[in-house]
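The values are calculated or read from the model by the stated rules, or taken from the named source; none is laboratory data. This is a predicted model, so every value here is computed, not measured. Because the Cβ atoms are built from the backbone with ideal geometry, glycine has one as well, and the counts that use them run over all protein chains shown. These accessible areas exclude ligands, DNA and RNA; they are computed on the full protein's heavy atoms, side chains included. Shrake-Rupley method; radii C 1.70, N 1.55, O 1.52, S 1.80 Å.
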Amino acid sequence: MADIARRPDHRYGNRPTMKDVAARAGVGLKTVSRVVNGEPGVTPDTERRVQEAIEILGFRRNDSARVLRKGRTATVGLVLEDLADPFYGPLSRAVEEVARAHGALLINGSSAEDPYREQELALALCARRVDGLIVIPAGTDHRYLEPEIRAGVATVFVDRPAGLIDADAVLSDSFGGARDGVAHLIAHGHRRIGFIGDRPRIHTASERLRGYRAAMEDASLPVEDAWVSVGSTGPERVRSAVREMLAAPEPVTALFAGNNRVLVTVVRALSGHPRRVALVGFDDIELADLLGITVIAQDAAALGRTAAERLFRRLDGVDEAPERVVLGTTLLARGSGEIPPPSV
């Protein structure tokens with residue numbers, strides 16, 4: 001944070017220019033242009049001073065050449081996990097609507113759950129001079145964004161918190177929602193409940209697993225290792241987990257699916273099973289109401305809207321400590337989560 005103090009007039013959206021670099025390095029604007037563009041005609045000592053000024057100020061070359069007055073481009077970037085995931089559709093749309101209301105254009109892209117791709121995409125958006133970023137993180141180390149934040153790029157994380165930096169975050173209550181869903185199954189008589197979730201390095205996945213364990217502990221119920229399966233959300237792994245849990249000597253009588261992709265595969269796997277198995281999923285899915293699937297629903301649009309509103313508050317000059325906002329979830333009882341165990 002010391003670098004912020006060295007830079008006067010630090011405001012979100014007020015990006016440093018080549019003129020600022022020239023003033024700090026004590027050189028002419030043309031010299032800065034030569035260094036930035038890799039052109040010859042600059043002595044090593046002068047180039048070093050310019051590069052030091054660039055690093056201190058957090059200057060990035062304006063690839064879009066569309067810097068507007070006051071250093072604002074009227075664009076914001078959104079880094080999603082997977083553009084094809086239905087969960088992110090309403091989230092992205094909500095961000096876009098807020099951006100539009102502020103006269104800004106939204107640019108989005110997908111990290112494909114790859115931390116390196118996330119970093120590449122986020123920095124590419126910064127190089128195109130976006131005023132702010134909304135990031136659904138794939139990685140756990142976001143220190144690469146510190147120079148951008150110091151340089152004035154307002155940044156808000158959504159769905160998952162940032163790693164190793166202090167930044168605004170808007171999250172769903174994954175722990176509380178999972179605990180409520182498993183408690184619902186327990187209330188309907190189940191004692192052997194399986195959990196199938198995403199990779200535990202993902203914040204939402206670990207929080208939902210923690211919620212599952214908390215509900216079981218609250219009811220003084222044991223959790224067998226065979227009842228928990230976490231990893232890839234690929235159909236083969238999920239189907240295998242379902243088969244193993246239902247074929248055990250003492251099979252589970254209910255399942256909790258950790259996200260929408262897991263839930264879809266679990267529904268398909270259970271369609272041919274000879275007995276009815278209770279099921280609750282985290283995240284709503286298309287046709288779940290018609291299929292009678294009980295879910296813990298999170299409001300993706302509210303996540304996007306809240307994150308975007310917070311971003312534009314930052315861009316409007318609101319200077320306050322980073323905040324973590326947690327939105328509640330809703331249990332939608334539709335039938336599958338109310339199926340009693342075979343002994344009842």
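Need one number: % antiparallel among DSSP beta bridges in segment 226-344, to the nearest 5.
Working: 3 of 10 bridges.
Around 30 percent of the beta bridges assigned by DSSP in segment 226-344 are antiparallel ones.
Tally up the carbon and sulfur contribution to the accessible surface of segment 79-214 as a whole percent, 1.4 Å probe, everything protein left in place.
Values: 2480 of 5020 Å².
Percent of accessible area from carbon and sulfur atoms in segment 79-214: 49.
Net charge near E97: determine it from the other residues with C-beta under 14 Å of the C-beta of E97, scoring Lys and Arg +1 and Asp and Glu -1.
Details: positive: R93, R100, R305; negative: E96, E309.
Result for the local shell: +1.
When the dipole is taken about the Cα centre of segment 250-344, and only Lys, Arg (+1) and Asp, Glu (-1) are charged at their Cβ, what size is it in debye, to the nearest 20?
The dipole magnitude comes to about 340 debye.
On the protein heavy atoms, probe 1.4 angstrom, tell me the percent of accessible surface of segment 248-319 carried by carbon and sulfur. Kindly include the intermediate steps, with their values, before the conclusion.
Values: 1500 of 3040 Å².
Carbon and sulfur: 49 percent of the exposed surface of segment 248-319.
Translational diffusion coefficient, Stokes-Einstein: compute it for segment 18-61 using the Kirkwood radius over C-alpha pairs as Rh, at 4 °C and 1.567 mPa s, and state it as an integer in µm² s⁻¹.
Working: Rh = 9.9 Å.
In µm²/s, the coefficient is 131.
With every protein chain present, what is the per residue accessible area of the chain (1.4 Å probe, Å²)?
Numbers: 16210 Å² over 344 residues.
For the chain, the per-residue accessible area is 47 Å².
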List the residues whose amide H sits under 5 Å from the amide H of V158, counting only those 5 or more places along or on another chain, with H placed 1.01 Å from N in the peptide plane. V135, I136, V170
Computed on Cα atoms, the radius of gyration and Dmax of segment 130-212 in angstrom are 16.6, 56
Could you sort the peptides 175-183, 285-293, 29-37, 187-195 by per-residue average Cβ neighbour count (10 Å cutoff), highest mean leading? 175-183, 187-195, 29-37, 285-293
Among L78, P90, L106, flag the residue with its Cα farthest along the positive direction of the charge dipole of segment 76-145, charges on Cβ as +1 for Lys/Arg and -1 for Asp/Glu. L106
Picking from S336, A162, L255, whose Cα lies most toward the positive end of the charge dipole for the chain (charges on Cβ: Lys, Arg +1; Asp, Glu -1)? A162
Convert 4 °C to kelvin, take the viscosity as 1.567 mPa s, use the Kirkwood radius over C-alpha pairs of segment 43-179 as Rh, and evaluate the Stokes-Einstein diffusion coefficient in µm²/s, rounded to a whole number. 81 µm²/s
Relative contact order, percent, of the chain when contacts are C-alpha pairs under 8 Å separated by at least 6 residues? 18 percent
Give the Rg/Rh ratio for segment 81-160, taking Rg as the radius of gyration of the Cα atoms and Rh as the Kirkwood radius, to two decimals. 0.94
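About the Cα centre of the chain, how large is the charge dipole given +1 on each Lys and Arg Cβ and -1 on each Asp and Glu Cβ? Please answer in debye to the nearest 20.
Details: 45 positive and 47 negative charges, 175 e Å.
Result for the chain is approximately 840 debye, rounded to the nearest 20.
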So, for the Cα atoms of segment 252-298, Rg and Dmax in Å stand at 9.9, 31
What is the spin-label model distance, in nm, from E286 to D141 if the labels are put 7 Å beyond Cα along the C-beta direction? 3.9 nm
Percent RCO, i.e. relative contact order, over segment 174-298, from Cα pairs under 8 Å lying at least 6 residues apart: 29 percent
Segment 150-223 and segment 245-298 have their Cα centres apart by a whole-number Å value of 18 Å
Work out the P(r) tail for the chain: percent of alpha carbon pairs separated by more than 35 Å, whole number. 35 percent
Is the shape of segment 174-298 best called rounded, prolate or oblate, per the rule: a/c under 1.5 gives rounded, else a/b larger than b/c gives prolate, else oblate, with a ≥ b ≥ c the square roots of the Cα gyration tensor eigenvalues? rounded
